[in-house]
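**Student:** Here it is: the structure, laid out below.
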Amino acid sequence: MWQVFADYHTHTKYSHGSGSILDNARAAQKQGLEVLGIADHGPANWGHIGSTDLKVFDQIIAETKRVQQEISGLKILAGTEANIISYEGDLDIPVGLQKKLDQVLAGFHITIRPKSFHDGVKFLTNRITERLGPNQKQQARNDNTKAVVAAVYHNDIDIITHPGLGISIDTPELARACVKNNTALEINTLHGLTSTAFIKAAAKEGVKFAIGSDAHQPERVGCLAAGVQTAQQAGLKPEQVINVKSTAAN
């Protein structure tokens, strides 16, 4: 039997979640989790999604420590879901801050503010031209893959979140980069990214996976059953998923 002991991908009011760190922690306890990851967005999102300032993460770190003192039997990780903001793999969370956090998740979101005007033009051009034909679609795919792979190499990323959400990426190439850099690929239960085809293609390269709820409400913390089911259907073993352990059947 599979036992999911951690949910590394949860959001709070610090980005666009509805609960506090304490709310998420209590929800994790109810789910019987051993580890909870706080992964609020980096600042480079349009609108209300992102944290408003990098200094917010000092508050997240401090509050995580306070909540940890109130909660027993649960390890709480202060982290981020950073944004990939350039085709050179830059994140909106600088390296110095990455080192202060307990975990760094990163995703390529379509709602980002790119690092430079050049990146913005290229991103917008790819989004438009990929609909015109197979050659343009392949070029956009190549550029997207290059960006995510570069992010994996240039940062200490624990998990790439929802790979391929709204953006075409070469799964085997990304998986090979993740293997070399000890980075996991997420099986995201919020966005329905529980494709067995994606999992099988990545697993062939030897990559590890993390099943994440991407919870934006405390009641969704630990909602990982759909990811477990799809991982099993894809033929994964517990040892291939970093937040799963095998337990003996009763």
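**Student:** Kyte-Doolittle mean at least 1.0 and Cα extent at least 20 Å along the axis: which DSSP H helices of the chain qualify?
**Tutor:** none
**Student:** Please state the Cα pair-distance histogram of segment 2-246 with 5 angstrom bins from zero: what percent is in each bin?
**Tutor:** P(r) for segment 2-246, in whole percents per bin: 1, 7, 14, 19, 20, 17, 12, 6, 2, 1, 0, 0.
**Student:** Then there's this: How long are the three semi-axes of the equivalent ellipsoid of segment 110-199, in whole Å, if each is the root of 5 times an eigenvalue of the C-alpha gyration tensor, listed from largest down?
**Tutor:** 22, 16, 13
**Student:** Identify all aspartates and glutamates with a Cα-Cα distance to Lys100 below 17 Å; exclude those on the same chain that are fewer than 8 residues away in sequence.
**Tutor:** Asp40, Asp53, Asp58, Glu63, Glu81, Asp92, Asp156, Asp158
**Student:** DSSP loop (so not H, G, I, E, B), at most 14 other Cβ within 10 Å: list which GluC sites (Glu not before Pro) in segment 81-159 pass both filters.
**Tutor:** Glu88
**Student:** Out of segment 124-173, which trypsin sites (Lys or Arg not before Pro) are coil in DSSP terms and have no more than 11 other C-beta atoms within 10 Å?
**Tutor:** Arg131
**Student:** Further question: Give, rounded to the nearest 20 debye, the magnitude of the charge dipole that the chain has about its Cα centre when Lys and Arg contribute +1 at Cβ and Asp and Glu contribute -1 at Cβ.
**Tutor:** My answer is approximately 340 debye.
**Student:** In what order do Tyr153, Tyr87 fall by count of nearby beta-carbon atoms within 10 Å, going from fewest to most?
**Tutor:** Starting with the residue having the fewest Cβ neighbours, the order is Tyr153, Tyr87.
**Student:** Using the structure shown, list the pairs from Lys137/Lys237; Lys75/Lys99; Lys55/Lys99; Lys115/Lys200; Lys137/Lys208; Lys75/Lys115 with a Cα-Cα distance above 23 Å, or answer none.
**Tutor:** The answer is Lys137/Lys237; Lys115/Lys200; Lys137/Lys208; Lys75/Lys115.
**Student:** Right, something else. Looking at the chain only, what percent of DSSP beta bridges run antiparallel? Nearest 5 please. Present the calculation step by step, with values, prior to reporting the outcome.
**Tutor:** Details: 6 of 31 bridges.
Antiparallel bridges make up about 20 percent of those DSSP assigns within the chain.
**Student:** Related question: Which listed residue (Gly227, Pro114, Ala202) has the Cα farthest towards the positive end of the charge dipole for the chain, taking +1 on Lys and Arg C-beta and -1 on Asp and Glu C-beta about the Cα centre?
**Tutor:** Projecting each Cα onto the dipole axis, the largest value belongs to Ala202.
Rule-based calculations on the coordinates, nothing more; no lab input. These numbers were taken from a predicted model, which means no experiment stands behind them. Reconstructed Cβ throughout: ideal geometry from the backbone, glycine too, with neighbour counts over all protein chains shown.
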